[in-house]
Amino acid sequence: MAEAFALIGRGHLSTWEIRIPPREPSPTLVEVLKRLNSFMVTASEAGNELLIDALLAEIVLLYPSLRVWKSETLDTDTLTGLADYLIVPYLDYLSTPLMCVVEAKRDDFVMGEIQCLGEMHACRRKNEAAGLRTGVHGIVSNGQAWVFYRWTADDSEFGRTALFGIHALRQLLSALDYVCATCDAQLAAAQHTWASSR
């Protein structure tokens with residue numbers, strides 16, 4: 001944990017509260033979650049990912065400029081690892097800005113946080129190498145419970161939310177939508193910067 005915090009240049013994380021109205025699940029998501037009752041989704045990381053896939057698909061679909069990549073190598077000059085999920089521009093190849101990383105963990109949220117912080121650091125480094133200074137988000141989830149992280153572009157804040165649970169699905173979807181909307185806005189700003197510099 002100390003090494004992960006050293007990577008992001010922090011001794012602690014601030015409390016991040018996402019305050020937006022609850023979001024109703026679509027009939028499609030309600031049906032998918034009903035069908036997933038046929039699977040034991042809590043016994044393994046692969047099972048957890050079925051729930052994570054379903055919730056990401058529900059929200060990321062609303063933002064045509066975003067795409068989810070799974071199990072992608074994420075490395076820097078000092079770190080090498082595999083990101084369970086990356087939310088990036090909607091292209092047929094992996095490209096910066098890397099805006100959000102999702103770490104799927106069965107139940108170990110401490111280890112999940114360590115990995116998520118390292119992956120957010122790697123995203124920041126990759127973006128900076130491409131000449132981009134954007135905020136980076138992170139998520140740690142076992143499918144049932146979700147924690148969200150925010151590292152602002154100006155480095156003024158690195159925040160962590162309280163736990164969002166699937167039992168409060170409307171609030172969870174609202175938080176996930178907020179993160180994706182922010183990623184979408186950051187991508188639009190980055191594309192404007194690229195266009196202006198040409």
task = For residues that are loosely packed, with under 12 Cβ neighbours inside 10 Å and not acidic (Asp, Glu), tally how many sit in the stretch 15-29.
result = 5
query = Which pairs do you get when a residue that is closer than 22 Å to residue 105 by Cβ and modelled with pLDDT of 95 or more, found in the stretch 124-147, comes within reach of a residue that is hydroxyl-bearing (Ser, Thr, Tyr) and in a strand (DSSP E or B), reach meaning Cβ atoms under 6 angstrom, with the pair 6+ apart or on two chains?
reply = 138/149
remark   = Within the stretch 30-46, restricting to residues that are of a type in the set (A, V, I, L, M, F, W, C) and either in contact with a strand residue (DSSP E or B) (Cβ under 9 Å, 6 or more places away or on another chain) or part of a helix (DSSP H, G or I) (or both), the one that is surrounded by the fewest Cβ atoms within 10 Å (Cβ to Cβ) is 46
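Test residue 68 against the criterion of being hydrophobic (A, V, I, L, M, F, W, C) and within 22 Å of residue 2 (Cα to Cα), and give yes or no.
In short, no.
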message = Can you find a residue that is part of a helix (DSSP H, G or I), out of contact with any helix residue (DSSP H, G or I) (no Cβ under 9 Å at 6 or more places or on another chain) and either closer than 25 Å to residue 186 by Cβ or modelled with pLDDT of 95 or more (or both) anywhere in the stretch 12-27?
response = yes
message = I'd like to check something: does the stretch 180-191 contain any residue that is buried (at least 20 other Cβ atoms within 10 Å of the Cβ), part of a helix (DSSP H, G or I), modelled with pLDDT of 95 or more and under 13 Å from the mean Cα position of the chain (by Cα)?
response = yes
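Here's the yes/no breakdown for (1) in contact (Cβ under 8 Å) with a residue 24 or more places away in the chain; (2) out of contact with any helix residue (DSSP H, G or I) (no Cβ under 7 Å at 6 or more places or on another chain); (3) of a type in the set (A, V, I, L, M); (4) over 21 Å from residue 166 (Cα atoms):
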{"position": "45", "(1), (2), (3), (4)": "yes, yes, no, no"}
{"position": "49", "(1), (2), (3), (4)": "yes, yes, no, no"}
{"position": "53", "(1), (2), (3), (4)": "no, yes, no, no"}
{"position": "76", "(1), (2), (3), (4)": "yes, no, no, yes"}
{"position": "89", "(1), (2), (3), (4)": "yes, no, no, yes"}
{"position": "107", "(1), (2), (3), (4)": "yes, yes, no, no"}
remark   = Within the stretch 99-120, the count of residues that are part of a helix (DSSP H, G or I), of a type outside the set (Val, Ile, Thr) and either buried (at least 20 other Cβ atoms within 10 Å of the Cβ) or under 15 Å from the mean Cα position of the chain (by Cα) (or both) comes to 9
task = Hey, could you check the stretch 142-173 for residues that are part of a strand (DSSP E or B) and among the aliphatic types (A, V, I, L, M) and say which is farthest from residue 44 (Cα to Cα)?
result = 147
query = If we keep just the residues of the stretch 56-68 that are in contact with a Leu (Cβ under 6 Å, 6 or more places away or on another chain) and outside any strand (DSSP E or B), which is farthest from residue 137 (Cα to Cα)?
reply = 58
key: Residue that is in a strand (DSSP E or B) and within 12 Å of the chain's Cα centre (by Cα), where the choices are 138, 81   = 138
ask   = Which members of the stretch 69-98 meet the condition of being of a type in the set (D, E, K, R), closer than 16 Å to residue 136 by Cβ and surrounded by fewer than 17 Cβ atoms within 10 Å (Cβ to Cβ)?
value = 72, 75
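Among the listed residues 161, 134, identify the single one that is surrounded by 15 or more Cβ atoms within 10 Å (Cβ to Cβ) and touching a Pro at 6+ places or on another chain (Cβ under 9 Å).
134
The values are calculated or read from the model by the stated rules, or taken from the named source; none is laboratory data. Values in this document were obtained by computation on a predicted structure and should not be read as measured data. With ideal geometry, Cβ positions are generated from the backbone for all residues, glycine too; neighbour counts draw on all protein chains shown.
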